[in-house]
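Here the structure is laid out as C-alpha cells; the discussion comes afterwards.
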Amino acid sequence: MPSLCRECLTQFDTGRRCPSCGSPRTVHHPELYDLSIAHMDCDAFYASVEKRDDPSLEGKPVIIGGGRRGVVSTACYVARIRGVRSAMPMFQALKLCPDAVIIKPRMDAYAEASRAIRAMMEEITPAIEPLSLDEAFLDLTGTTRLHGAPPAVMLARLTKRMKDELGLTGSIGLSHNKFLAKVASDLEKPRGFSVIGAAETADFLREKPVRLIWGIGPAAQVSLDKVGIRTFADLLRWEQTDLVARFGSMGARLYDLARGRDHRRVSRNAPMKSISNETTFHEDTGSIDILDGHIWRMAEKVSDRAKAKGLAGRVVTLKLKRRDHSSLSRRVSLREPAQLADTIYRTARGLFDQVGDEGPYRLLGCGISDLCDADTVQAAGDLLDPGARKRGEAERATDAIREKFGHDAILKGRALR
C-alpha cells in the first residue's frame, strides 16, 4: 500500500513505521498519490502562536478571548481536554478550567504568522482558497510534474516546514473534493494527515451524522431531526425532489453531499459574503447613549473594511444578545447599496430603535451583506433624506484627512460615548 513518512518524507510500500527514520508518523492509503484536493487547518492557531512566542506557556491551558464577559476565540488542546470550546462564554470556560491563562487576541501577530504560512502554500500551488487566517483549501491538481512529487508529499512537506521554520502545526485532509477534504482534516487533530479516497466515500459517510456537513448548525439539525434525518444513510433514503421541496436549495446540496459529491472548485478569489463587527460588553448595558456609541464605532469599522475592498452592501443587519444569551437579529434591505458609515449607522440605529427596550444587552453587532462592487453604486442621493449627500461628502473628506494624518485626526462626538 502506498505509504509516506511525514517526518523525513520517505515514500515506501508497506509497514507501520518509516523504514528510513523509524518514525511512526506515517500515512497509508491506496489512493494516497492519486488525490489532489486538500484542506489545511492550523492546530489551535491563536493559542499556538502565543505558546510559540512565550515558551513559559508550554504545558499550560491557554484561552484566547476578550475577558471574563467575552467569549473564547480559541483554546489550546490542554484547555480543550477540560471541555473548553471556541465561542463558549468565558465565564463557562473558566468554570471548566479555572487555572487557564487568559490572553487577549493579538491579531497582528496572528496575521503575520498567517502570511508566512500562505507564502509556503504559494510555493506549491497557486490554487488556494483561504477560509480564515488559519485554514485554506488547496488544489494541487497537475503539480506532480512541476514538483517531481505527488500532492501528498508536498502537503507533508508544507506541515513539516511550518513546524521547523515557524514553530506551528497544522492538520491535512486530502480527498477528491472540498467537502471530504474538510471532513478529513478534522479526523486526527492535532498534527493529523487523513485521507478519504473515492472508492471508500460511500462506506465512510453512510453511518456518519449529518452535522459533519459544514453549515449544519443547531437550527438546521433541529429541522433535519424533525423528518428523521440524523445520518447520511437517512439522507440517502430521500429523493432529490423531496429534499428540495422540504429544504429548498439546501435540499439539492444535501442530496449531492449524501453521495459524497461536491462540484465546487477551489477558488482563489472566492467572493466575500458579508462584512460585520461585534463586541461583548464587560457588563450588561441598556444605556441608549452607550449602545448608540457602539453602533457608530461598529458602523465605522464596517465602512472602513468595505471602502478598503471597494464593496457596498444592500442589506444592513443588527445583532443583539441579552443577559440570558437569547439573541435578537434585525435586518433591512436598502434602496441603494451602502458603503458610508453614516448610512450604515443610521440604518442600524433605526433597527435598534425597534427593539432597544428589550435589554440590557451583553453583545452588540452590526454588518452589511448582499455585497456588490461599490463602483456600480450611483451617488444620486436619497430623495427622502436631502442631507444625505452633504453628510456623504463630509465623510469622504474625513476619510482623506484621516488617510493623511491618522485615524484619530477627526472624531465624531458620538464616537466618545
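The values are calculated or read from the model by the stated rules, or taken from the named source; none is laboratory data. Being a predicted model, the structure only gives us computed values, none of them experimental. Here the Cβ positions follow ideal geometry from the backbone for every residue, glycine too, while neighbour counts run over all protein chains shown. Keep in mind that these areas ignore ligands, DNA and RNA; they rest on the heavy atoms of the full protein, side chains included. Shrake-Rupley method; radii C 1.70, N 1.55, O 1.52, S 1.80 Å.
Test R211 against the criterion of being under 19 Å from E7 (Cα atoms), open to solvent by 40 Å² or more (accessible area, probe 1.4 Å) and touching a helix residue (DSSP H, G or I) at 6+ places or on another chain (Cβ under 9 Å), and give yes or no.
Details: under 19 Å from E7 (Cα atoms): no; open to solvent by 40 Å² or more (accessible area, probe 1.4 Å): yes; touching a helix residue (DSSP H, G or I) at 6+ places or on another chain (Cβ under 9 Å): yes.
When the stated conditions are applied, R211 does not pass them.
Hey, does region 22-42 have a residue that's among the acidic types (D, E), touching a strand residue (DSSP E or B) at 6+ places or on another chain (Cβ under 6 Å) and open to solvent by 10 Å² or more (accessible area, probe 1.4 Å)? Lay out the reasoning, then the answer.
Of the residues in region 22-42, the ones among the acidic types (D, E) are 31, 34, 41.
Now narrow it down to the ones that are touching a strand residue (DSSP E or B) at 6+ places or on another chain (Cβ under 6 Å): 41.
Now restrict to residues that are open to solvent by 10 Å² or more (accessible area, probe 1.4 Å): 41.
Among the residues of region 22-42, at least one is among the acidic types (D, E), touching a strand residue (DSSP E or B) at 6+ places or on another chain (Cβ under 6 Å) and open to solvent by 10 Å² or more (accessible area, probe 1.4 Å), which makes the answer yes.
Among the candidates S48, S56, which residue alone is in contact with a Leu (Cβ under 9 Å, 6 or more places away or on another chain), modelled with pLDDT of 95 or more and open to solvent by 10 Å² or more (accessible area, probe 1.4 Å)? Working first, answer last.
Working: S56 fails: in contact with a Leu (Cβ under 9 Å, 6 or more places away or on another chain).
S48 is the lone residue from the list that is in contact with a Leu (Cβ under 9 Å, 6 or more places away or on another chain), modelled with pLDDT of 95 or more and open to solvent by 10 Å² or more (accessible area, probe 1.4 Å).
Return yes or no: is G350 out of contact with any Ser or Thr (no Cβ under 9 Å at 6 or more places or on another chain), modelled with pLDDT of 90 or more and not charged (D, E, K, R)?
yes
Which of (1) in contact with a Phe, Trp or Tyr (Cβ under 8 Å, 6 or more places away or on another chain); (2) open to solvent by less than 10 Å² (accessible area, probe 1.4 Å); (3) not in a loop (DSSP other than H, G, I, E, B) is the odd one out, the single condition S73 does not satisfy?
The one condition S73 does not meet is (2).
Only one of these is crowded, with 17+ Cβ neighbours inside 10 Å, free of Cβ contacts under 8 Å to residues at least 60 places away in the same chain and farther than 30 Å from D373 by Cα: L243, L236. Name it. Before you say what the answer is, go through the steps one by one.
On the way: L236 fails: crowded, with 17+ Cβ neighbours inside 10 Å.
None of the others qualify; the one that does is L243.
What are the pairs with Cβ atoms under 8 angstrom where one residue, in region 346-358, is closer than 15 Å to I368 by Cβ and the other, located anywhere, is in a helix (DSSP H, G or I)? Sequence gap at least six, or different chains.
Short answer, once both residue conditions are applied: A348/I295; A348/M298; A348/A299; R349/D292; R349/I295.
Being β-branched (V, I, T) and over 20 Å from the mean Cα position of the chain (by Cα): is that true of T169 here? Lay out the reasoning, then the answer.
Numbers: β-branched (V, I, T): yes; over 20 Å from the mean Cα position of the chain (by Cα): no.
No: the conditions fail for T169.
Here are some conditions: (1) open to solvent by 30 Å² or more (accessible area, probe 1.4 Å); (2) in a helix (DSSP H, G or I); (3) in contact with a Pro (Cβ under 8 Å, 6 or more places away or on another chain). A79 meets all but one. Which one does it not meet?
Evaluating A79 over (1) open to solvent by 30 Å² or more (accessible area, probe 1.4 Å); (2) in a helix (DSSP H, G or I); (3) in contact with a Pro (Cβ under 8 Å, 6 or more places away or on another chain) leaves (1) as the failure.
Any idea how many residues of region 1-20 are more than 21 Å from P190 (Cβ to Cβ) and hydrophobic (A, V, I, L, M, F, W, C)?
Step one: filter region 1-20 for residues more than 21 Å from P190 (Cβ to Cβ), giving 1-3, 10-15, 19-20.
Within this subset, residues satisfying the condition of being hydrophobic (A, V, I, L, M, F, W, C) are 1, 12.
The number of residues fulfilling the criteria is 2.
Of all the helices (runs of 4 or more DSSP H) wholly in region 100-189, which have at least 1 residues that are without any contact (Cβ under 8 Å) to a residue 12 or more places away in the chain, open to solvent by 10 Å² or more (accessible area, probe 1.4 Å) and among the aliphatic types (A, V, I, L, M)? Explain how you work it out, then say what you get.
On the way: elements: 107-122, 144-147, 151-161, 178-185.
So the answer is 107-122, 144-147.
Do the conditions hold for R264, that is, is it open to solvent by 70 Å² or more (accessible area, probe 1.4 Å) and under 30 Å from A202 (Cβ atoms)? Before the answer, list the steps.
Details: open to solvent by 70 Å² or more (accessible area, probe 1.4 Å): yes; under 30 Å from A202 (Cβ atoms): yes.
Criteria met by R264.
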